[in-house]
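Here is the structure we will look at, set down as structure tokens.
The values are calculated or read from the model by the stated rules, or taken from the named source; none is laboratory data. Note that this is a predicted model, so its numbers are computed, not measured. Note that we place each Cβ from the backbone using ideal geometry, even for glycine, and neighbour counts take in every protein chain shown. The protein model used for the area step is the full one, side chains on, heavy atoms only, and it has no ligands, DNA or RNA in it. Shrake-Rupley method; radii C 1.70, N 1.55, O 1.52, S 1.80 Å.
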Amino acid sequence: MPFPPDPMIPQPPSHGPGRLPLQGLSLLIVDDSRFTCDALRLILQRAGARLRRAESLEIARLHLAFHRPDLAIVDLGLPDGRGEDLIAELASEGLPVLGLSGDPDGREAALDAGATEFLEKPLGSAAGLVRLIRQLATGAGPVEKGDDAPAPLGDPLALRDDLMRGVSLITAPGDPVYAKGFLRSLARAAGDTALAAAVEETHTAFDRAKLARMIEDRLAALSSLA
């Protein structure tokens with residue numbers, strides 16, 4: 001789905017006469033986390049890119065049947081399979097792909113699948129990400145360095161939605177590997193080291209119930225801020 005333009009995001013100084021660094025570029029973000037996608041939107045739309053989002057391999061392939069982006073950003077852990085499969089398909093077609101994961105060990109898997117580069121959650125420098133995407137998508141040299149401020153976090157409402165989904169995944173029958181991967185990635189994207197550690201220690205039904213209560217505490221805290 002396309003991201004709607006956000007008139008509340010201020011535009012940075014232009015790079016070149018009247019141009020933003022990613023102006024004219026179309027990017028596809030394949031990630032099941034609303035929180036991560038919102039953080040990417042804040043950075044990339046502000047830099048001039050046009051964005052589409054797919055939250056699964058199936059939806060990504062539907063997009064790609066009708067629309068070819070200049071670059072794809074593909075998360076490795078998706079609800080209907082592994083991002084490495086899509087990375088390999090796109091790389092075989094010559095499309096630049098930026099692999100994405102909350103697991104630093106994902107770098108090797110993404111690059112082996114054919115990703116041009118790998119991005120680890122949390123996102124790090126906003127300006128650095130813009131420079132990287134510009135180089136990968138266009139082959140151009142880097143834009144001027146600019147401000148290497150940390151990337152903005154996503155919308156708290158998006159974090160709330162992802163946490164609610166995490167509770168459902170971790171307590172319901174299903175793929176525990178995917179559920180833990182989703183929560184691990186979300187915890188890293190949100191800078192929540194305690195939650196990330198709790199995910200790693202989850203092995204039994206009792207552990208899953210304990211993790212669900214921990215997430216519910218975070219949901220209650222977010223609700224108090226609303």
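Provide a single number: the residues in the stretch 31-55 that are of a type outside the set (A, V, I, L, M) and part of a helix (DSSP H, G or I). Selection size over the stretch 31-55: 6. When each of ARG50, ARG61 is tested for being touching a residue at least 24 places away in the same chain (Cβ under 8 Å), more than 17 Å from the chain's Cα centre (by Cα) and open to solvent by 40 Å² or more (accessible area, probe 1.4 Å), the lone residue that passes is ARG61.
Exactly one residue among PRO176, PRO156 is under 18 Å from SER33 (Cα atoms) and touching a residue at least 60 places away in the same chain (Cβ under 8 Å), and that residue is PRO156. Condition check for LEU28 on (1) buried (at least 22 other Cβ atoms within 10 Å of the Cβ); (2) aliphatic (A, V, I, L, M); (3) part of a helix (DSSP H, G or I); (4) modelled with pLDDT of 95 or more: one failure, at (3).
The set of residues in the stretch 79-94 that are open to solvent by less than 10 Å² (accessible area, probe 1.4 Å) and either aliphatic (A, V, I, L, M) or in a loop (DSSP other than H, G, I, E, B) (or both) comprises LEU86, ILE87, LEU90. When GLY146, GLY154 are screened for being outside any helix (DSSP H, G or I), open to solvent by 30 Å² or more (accessible area, probe 1.4 Å) and either small (Gly, Ala, Ser) or modelled with pLDDT of 90 or more (or both), only GLY146 passes.
Would you check which residues across the stretch 18-28 are touching a Pro at 6+ places or on another chain (Cβ under 9 Å) and touching a residue at least 40 places away in the same chain (Cβ under 8 Å) and list them? Listed by number, the residues that qualify are PRO21, LEU25, SER26, LEU27, LEU28. Tally up the residues in the stretch 208-226 that are open to solvent by 50 Å² or more (accessible area, probe 1.4 Å) and over 24 Å from ASP38 (Cα atoms), please. Residues flagged as open to solvent by 50 Å² or more (accessible area, probe 1.4 Å) and over 24 Å from ASP38 (Cα atoms) within the stretch 208-226 amount to 3.
When the stretch 195-207 is filtered for residues that are open to solvent by 50 Å² or more (accessible area, probe 1.4 Å) and either under 16 Å from ARG160 (Cβ atoms) or without any contact (Cβ under 8 Å) to a residue 12 or more places away in the chain (or both), the ones remaining, listed by number, are GLU201, HIS203, THR204, ALA205, PHE206.
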